[in-house]
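A short worksheet on the structure shown next.
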Amino acid sequence: MIPVELQVIGSALRAIAEEMGAVLVRSAFSANIKERRDCSTAIFDADGRMVTQAEHIPVHLGAMPEAVAAVREHDPERGEAWILNDPYTGGTHLPDLTIVTRTGLGYAVSRAHHADVGGSTPGSLPAHSTTLADEGVVIPPTRLDDATLERLVGQMRNPDERRGDLRAQLAAHLLAETRLEELCARRGRDHVAAAMDELLAYSERVVRDAILELPDGRYEASDWLEGLDELLEIRATVTVVGNEIDIDFAGTAEQHAGNLNCPLSVTRSACFYVIRCLAAPDLPASGGAFAPVTVRAPAGCLVNASPPAAVVAGNTETSSRIVDVVFAALGHALPVPAQGQGTMNNVVFGNERFTYYETIAGGQGACPDADGPSAVHVAMSNTLSTPAEALELAYPLRVERYALRLDSGGGGRFRGGDGVVRELRVLERCRLSLLSQRRRLAPRGANGGADGRPGLNLLNGEELHGFVTRELEPGDLLRIETPGGGGWGGNDR
């Protein structure tokens, strides 16, 4: 196939994935999807390989192949929709509901974070969960018909909103089938299938060539997560040999009684993200780019947990720390950025009438040649912030302040980005859940740069732990100060 034609078909496939995302966002009911865009879409081939993905949420996309593999075991018929969220069967954490449909060329996939999927607390992000059952409805690969959809939303809070968001996902899948058939009509089905094979092979070649530029060697690093009463170590050994990379998490803490545990699919997502950043950041994402990377972790450890361990913060907080550790290991071989905020600052308000979830931006670490950006969603999160007007219109909340947290980024030759200050006042009785990190341990600077400032959670002026669930009364004020990124280089400014 000539390169120009391959580029044309590849661009068409990427456009289909992007249009799927646009349909999902514009059709969704919840602010979490339509405003924050906490969702992802992708196109797979008939063998379950990711051909192209929309540039949405990194932690969603690297784990999608396992979801497709789990559905393929059931031999779905063309046009059938299947749903799952089980973290141990291709999911990430329970609020991320994944839909997979069989198309004429393979599979279309969408994954969206729903504002509630049942469980012990509104928003399905309990700070103190110990098993999956605490976190919501666990859905193994299940055919999604109307009766199943109604049964599932009946187990969740605000079922009308859940139903609307699921139907928005299904609309995105109908669009994908239509667009794929139109592409096949223009280019020929066999020709498009052959282009899928070549796109996967091309991505693999590009990443392998980039890895060849890295110095061979064995590089180690470790870092810590802040548990409720303990620090939990993540340790990684990254081995570069020729055009392949092996990432081994031997020595990492065992899974624990809380919810910072991480299924291996999420661990792989975090590793793939780092390698893509360093090896081929401009390459359109596809499964071929992951082929040169092997990820291993002992069964039952923090980053390869076994059921029924709770995982809701593993998807957000532990994945962020895995990124930090793998970057730090490869920092022995080449210049890498200083650490970013290292947390998604998860905030949930809710009761039986409403649920609202958001992640909050912070500072990115400085690079070897540039300051870190301020007030951005870092690494595994790629969402937007909910506009104050949309938030206040939809929920009994008021945004009192949203501003840069000045001078929270670490100093150095290049400064780390600043975090933000976000104050939210509740207007009716509800429950608060916070899942956050970097409240005790600061984001590290690099090459002599200063550390960023750790984050801070305050309720009516009282400092809160990074993981907490509280009952709130009307008028209560939550203040979140997010971490700044680390600085790079020893000349302070």
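The values are calculated or read from the model by the stated rules, or taken from the named source; none is laboratory data. Everything quoted here is computed from the prediction, not taken from an experiment. Here the Cβ is made from the backbone with ideal geometry for all residues, glycine too, and neighbour counts use every protein chain on show.
When both residues are 6+ apart or on different chains and their Cβ atoms are under 8 Å apart, which pairs have a first residue that lies in the stretch 1-25 and is among the aliphatic types (A, V, I, L, M), and a second that is modelled with pLDDT under 95 and in a loop (DSSP other than H, G, I, E, B)?
17/54; 20/54; 25/37
Residues of the stretch 39-49 being of a type in the set (A, V, I, L, M, F, W, C) and part of a strand (DSSP E or B), which ones?
39, 42, 43, 44
Does residue 342 satisfy the criteria of being in the same structural domain as residue 361 (by TED's automatic domain parsing) and either modelled with pLDDT of 95 or more or surrounded by fewer than 24 Cβ atoms within 10 Å (Cβ to Cβ) (or both)?
Criteria met by residue 342.
Could you please give the count of residues in the stretch 403-452 that are within 16 Å of residue 361 (Cβ to Cβ) and in a loop (DSSP other than H, G, I, E, B)?
11
Considering the stretch 439-448 alone, what residues qualify as being surrounded by 22 or more Cβ atoms within 10 Å (Cβ to Cβ) and in contact with a helix residue (DSSP H, G or I) (Cβ under 9 Å, 6 or more places away or on another chain)?
443, 446
Within the stretch 267-279, does at least one residue satisfy the condition of being farther than 26 Å from residue 48 by Cβ and either β-branched (Val, Ile, Thr) or in contact with a helix residue (DSSP H, G or I) (Cβ under 9 Å, 6 or more places away or on another chain) (or both)?
yes
Could you tell me whether any residue of the stretch 334-346 is closer than 30 Å to residue 428 by Cα, over 17 Å from the mean Cα position of the chain (by Cα) and among the hydrophobic types (A, V, I, L, M, F, W, C)?
Scanning the stretch 334-346 turns up no residue that is closer than 30 Å to residue 428 by Cα, over 17 Å from the mean Cα position of the chain (by Cα) and among the hydrophobic types (A, V, I, L, M, F, W, C).
Say we look at the stretch 118-130 and pick out the residues that are touching a residue at least 40 places away in the same chain (Cβ under 8 Å) and out of contact with any strand residue (DSSP E or B) (no Cβ under 7 Å at 6 or more places or on another chain); which of these is farthest from residue 35 (Cα to Cα)?
130
Anything in the stretch 100-116 that is in contact (Cβ under 8 Å) with a residue 60 or more places away in the chain and closer than 19 Å to residue 263 by Cβ? List them, or say none.
109, 111, 112, 113, 114
Got a number for residues in the stretch 1-29 being small (Gly, Ala, Ser), within 24 Å of the chain's Cα centre (by Cα) and buried (at least 20 other Cβ atoms within 10 Å of the Cβ)?
3
Quick check: is even one residue across the stretch 366-387 touching a residue at least 24 places away in the same chain (Cβ under 8 Å), assigned to a helix (DSSP H, G or I) and either over 20 Å from residue 272 (Cβ atoms) or among the small types (Gly, Ala, Ser) (or both)?
Scanning the stretch 366-387 turns up no residue that is touching a residue at least 24 places away in the same chain (Cβ under 8 Å), assigned to a helix (DSSP H, G or I) and either over 20 Å from residue 272 (Cβ atoms) or among the small types (Gly, Ala, Ser) (or both).
When you go through (1) under 27 Å from residue 366 (Cα atoms); (2) modelled with pLDDT under 95; (3) in contact with a strand residue (DSSP E or B) (Cβ under 6 Å, 6 or more places away or on another chain); (4) not polar (S, T, N, Q) one by one for residue 287, which number turns out not to apply?
Single failed check for residue 287: (1).
Kindly state which strands (runs of 3 or more DSSP E) lie completely within the stretch 206-267 and contain at least 1 residues that are modelled with pLDDT of 95 or more and in contact with a Leu (Cβ under 6 Å, 6 or more places away or on another chain).
Answer list for the stretch 206-267: 217-226, 231-241.
From the list 174, 170, 260, which residue is hydrophobic (A, V, I, L, M, F, W, C), without any contact (Cβ under 8 Å) to a residue 60 or more places away in the chain and assigned by TED's automatic domain parsing to the domain that holds residue 94?
Being hydrophobic (A, V, I, L, M, F, W, C), without any contact (Cβ under 8 Å) to a residue 60 or more places away in the chain and assigned by TED's automatic domain parsing to the domain that holds residue 94 holds for just one of 174, 170, 260, which is 174.
Please find, within the stretch 453-493, the residue that is nearest to residue 406 (Cα to Cα) out of those that are acidic (Asp, Glu), assigned to a loop (DSSP other than H, G, I, E, B) and at pLDDT 95 or above.
Ranking the candidates gives 476 first.
Please determine whether any residue of the stretch 377-386 is surrounded by 21 or more Cβ atoms within 10 Å (Cβ to Cβ) and more than 24 Å from the chain's Cα centre (by Cα).
Checked against the condition, which is being surrounded by 21 or more Cβ atoms within 10 Å (Cβ to Cβ) and more than 24 Å from the chain's Cα centre (by Cα), the stretch 377-386 yields no hits at all.
Quick one: which residue in 311, 336, 326 is surrounded by 24 or more Cβ atoms within 10 Å (Cβ to Cβ) and assigned to a loop (DSSP other than H, G, I, E, B)?
The match here is 311.
Could you tell me how many of the residues in the stretch 50-92 are part of a loop (DSSP other than H, G, I, E, B), crowded, with 24+ Cβ neighbours inside 10 Å and modelled with pLDDT of 95 or more?
Residues that pass the stated criteria total 1.
Do we find a residue being polar (S, T, N, Q) and surrounded by fewer than 21 Cβ atoms within 10 Å (Cβ to Cβ) anywhere in the stretch 358-373?
No, every residue in the stretch 358-373 fails to be polar (S, T, N, Q) and surrounded by fewer than 21 Cβ atoms within 10 Å (Cβ to Cβ).
Yes or no: residue 427 assigned by TED's automatic domain parsing to the domain that holds residue 448, within 24 Å of the chain's Cα centre (by Cα), surrounded by fewer than 21 Cβ atoms within 10 Å (Cβ to Cβ) and hydrophobic (A, V, I, L, M, F, W, C)?
no
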